[in-house]
1. Semi-axes of the equivalent ellipsoid for the chain, please: Cα gyration tensor eigenvalues, times 5, square-rooted, ordered largest first, whole Å.
2. Relative contact order for the range 209-325 using alpha-carbon pairs under 8 Å, separation at least 6, rounded to a whole percent?
3. Using all C-alpha to C-alpha distances in the range 103-182, build P(r) with 10 Å bins and read off the rounded percent in each one.
4. Please identify which residues in the range 310-333 have an amide N closer than 17 Å to a label point set 7 Å out from the Cα of Glu286, following the Cα→Cβ vector.
5. If each DSSP helix of 4+ residues adds -39,500 (n - 2.57) and the sum is divided by the residues in the chain, what number results at 222 nm, nearest 500 deg cm²/dmol?
6. Any idea of the accessible area per residue across the chain, 1.4 Å probe, to the nearest Å²?
7. Find the Cα radius of gyration of the range 175-222, compare it with 2.2 N^0.38 Å by division, and give the number to two decimals.
8. Of all DSSP beta bridges located in the range 202-353, what percent are antiparallel, nearest 5?
Amino acid sequence: MNSSPSPSNSSRFEGCTLTGALSVLTEIRDAVCVIHGPSGCAHHNFSLLHATLLSNDRLEVPRLLSTRLTEKDIIFGGEEALESSIARALSLSPAPSSVFVLSTCIVETIGDDTAAVSAKAWGVPVIAVPTAGFLGGVFETGVRNALSSAALLAESARERTLSANLIGEKNLEYGVDENAAEIVRLLARLGIGINLRFVRGIATGDIGRLGSAAVNILREPALRPVGEDLKRRFNTPFVDSFPVGLAGTCRFLADIGRICGVDASAAIEEEQAFQREMLSRFADLEGSRVCFRSPHSMLDADPAAEAVLAECAIALDLAVDPDGTPIPLPYPAPVGTAGVRRMLNRWRVQIRG
């Protein structure tokens, strides 16, 4: 990871590559993740993932194992420890259908060949995932590497269905399922279903149908390399973001309709009427004085979120004033019409006290 102390160098604050990968791969329910490194790397991430699951009322335990490298392993190499841990993972009950081997910074430093160990004949897919952040990766790097690695389990599609894959949902955010539900609602206006949530709450075998969707919907533009990779492998077109804001939601419908060969005009009209009705519920906010502020430095401001704020300020006739009620920029930007509605409900609480 870049060690520059400059406050403008935000990559220093974007989280661990290993954590990003685990946020994806632990959502494959019948897989086990083997963290090749010191026990502390596994302990930290297990605690974070378990706490996040509990906060979302999911009474689950992440299936993680650590190779628990010691000083001796670091000096003489830890490949034997990795082999032993993979064998231990395969002996668990229920037995995993796949195993993912995630590297750590120290492993990349000493040069263990995790790919070679993973490629041995284990009886189930064992896939090495590069997750050593000190080489320049951050949280999002781990997410991208994990998605690309998991996609290796997919097969070429024999036929396509009128459906969409959701690619790279933010599994650690509180609104992940609400955002997915909004995408499902919008796609239903076009008569399009969900083929696969890649990756959330699926089994190893589900990944085989990754290439059968008509379109991939990326969670955010940072995942474009994954979208391009899947397009090369399966010839699946993609849109590079979940819909953001009111106008953005209608553009999303138009884009999906164009890609899938569906006339989206009626769906867009229905959604615009739905948005007008939603905005009418917030008529009590008209004329309020507000001041939009980033909760962090302006270097972290999200242009998409800023555009949504401006759009809503105009729609509700709000007066933007430096002395108005402080309204924080949302992060991430609200997804779809439902996301805007939830945001406006928070505004009402802040403005009306």
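1. Numbers: eigenvalues 317, 131, 53 Å².
Ellipsoid half-lengths, sorted descending, are 40, 26, 16 Å.
2. Numbers: 120 pairs, mean separation 25.6, N = 117.
Once normalised by length, the contact order is 22 percent.
3. Pair shares across the bins are 14, 33, 33, 17, 3.
4. 312-320
5. Details: 13 runs with 153 residues, N = 353.
Dividing the helical sum by the residues of the chain leaves -13500 deg cm²/dmol.
6. Values: 16180 Å² over 353 residues.
Roughly 46 Å² per residue, with all protein chains present.
7. Numbers: Rg = 11.3 Å, N = 48, 2.2 N^0.38 = 9.6 Å.
Expressed relative to 2.2 N^0.38 Å, the Cα Rg reads 1.18.
8. On the way: 1 of 9 bridges.
Here the share of antiparallel DSSP bridges comes out near 10 percent.
The values are calculated or read from the model by the stated rules, or taken from the named source; none is laboratory data. Just so it is clear, the model here is predicted, and its values are computed rather than measured. Glycine also receives a Cβ, built like all others from the backbone with ideal geometry; neighbour counts cover every protein chain displayed. The protein model used for the area step is the full one, side chains on, heavy atoms only, and it has no ligands, DNA or RNA in it. Shrake-Rupley method; radii C 1.70, N 1.55, O 1.52, S 1.80 Å.
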